[in-house]
1. Identify, from the list Val77, Val85, Val53, the residue that is in contact (Cβ under 8 Å) with a residue 60 or more places away in the chain and of a type in the set (Val, Ile, Thr).
2. Select from segment 118-130 the residues that are surrounded by 10 or more Cβ atoms within 10 Å (Cβ to Cβ) and within 14 Å of Arg107 (Cβ to Cβ) and list them in ascending order.
3. From Gln29, Gln19, which residue is out of contact with any helix residue (DSSP H, G or I) (no Cβ under 7 Å at 6 or more places or on another chain) and open to solvent by 30 Å² or more (accessible area, probe 1.4 Å)?
4. Can you tell me which condition Thr9 does not meet? The list is (1) open to solvent by less than 40 Å² (accessible area, probe 1.4 Å); (2) in a loop (DSSP other than H, G, I, E, B); (3) in contact with a Ser or Thr (Cβ under 8 Å, 6 or more places away or on another chain), and all the others hold.
5. Step by step: first the residues of segment 4-49, then only those that are over 18 Å from the mean Cα position of the chain (by Cα) and among the polar types (S, T, N, Q), then the one that is nearest to Asp80 (Cα to Cα). Which residue is that?
6. Out of everything in segment 39-89 that is charged (D, E, K, R) and crowded, with 21+ Cβ neighbours inside 10 Å, what residue ends up being nearest to Gln15 (Cα to Cα)?
7. Consider Ala111 carefully, then state whether it is open to solvent by less than 50 Å² (accessible area, probe 1.4 Å) and under 29 Å from Thr136 (Cβ atoms).
8. Taking the condition of being of a type in the set (Lys, Arg) and under 15 Å from Asp63 (Cβ atoms), how many residues in segment 80-114 meet it?
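The values are calculated or read from the model by the stated rules, or taken from the named source; none is laboratory data. Keep in mind that what you see is a predicted model, and the values were worked out from it rather than measured. Here the Cβ positions follow ideal geometry from the backbone for every residue, glycine too, while neighbour counts run over all protein chains shown. When the accessible area is computed, the model is the full protein with side chains, heavy atoms only, and any ligands, DNA or RNA have been set aside. Shrake-Rupley method; radii C 1.70, N 1.55, O 1.52, S 1.80 Å.
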Amino acid sequence: MSHFSTIKTRLSNRQCLVQALEDLNLSPQAYEMPQPLRGYYGDSQGQTAEIIVQGRTIKARADIGFKWNQSNGVYEVIHDSYETVPKLGKDFFSNKLMLAYGKHLVRVKAAELQEKFGECAIAEETSGTVQTLRLTFAGHQEVKQFARR
């Protein structure tokens, strides 16, 4: 039976989440107020979300929603696994989305740190399934020499 399920996440940055979904070609729509989700049978089942990926984007009948949970300070994923898993894969939310989100979050944090440590370069390495982003800051070091007497 088709129905919406909710997944708890650690996704807290709205801009990074929207950009990650765009990177994955999911064309998210972001709203200030929660909007109803379209379920498999055309109804919302009472579910709403602030960020919505329409089902037709992935050739599914149900939408994917990202609902802000004010008490936890994170987004929750609302989706119909009968629709999303065959189209996106079972590790989509825990792997692909988190990797794309993580890249954007690292860049946001690096931009914040640039004020303190100077210009930042980001190098990306992939080894199998492990992806590494290395930040290098051009901060200057102060060297002092003392003469012993």
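1. Just one listed residue meets the conditions, Val77.
2. If the condition is that a residue be surrounded by 10 or more Cβ atoms within 10 Å (Cβ to Cβ) and within 14 Å of Arg107 (Cβ to Cβ), then Cys120, Ala121, Ile122, Glu124 are the ones that fit.
3. Every option except Gln29 fails the conditions.
4. (3)
5. Residue satisfying both the conditions and the ranking: Ser5.
6. Ranking the qualifying residues of segment 39-89, first place goes to Asp63.
7. Numbers: open to solvent by less than 50 Å² (accessible area, probe 1.4 Å): no; under 29 Å from Thr136 (Cβ atoms): yes.
Judged against the criteria, Ala111 is not a match.
8. Filtering segment 80-114 for residues of a type in the set (Lys, Arg) gives 87, 90, 96, 103, 107, 109.
When the remaining residues are screened for being under 15 Å from Asp63 (Cβ atoms), the result is 87.
The qualifying residues number 1.
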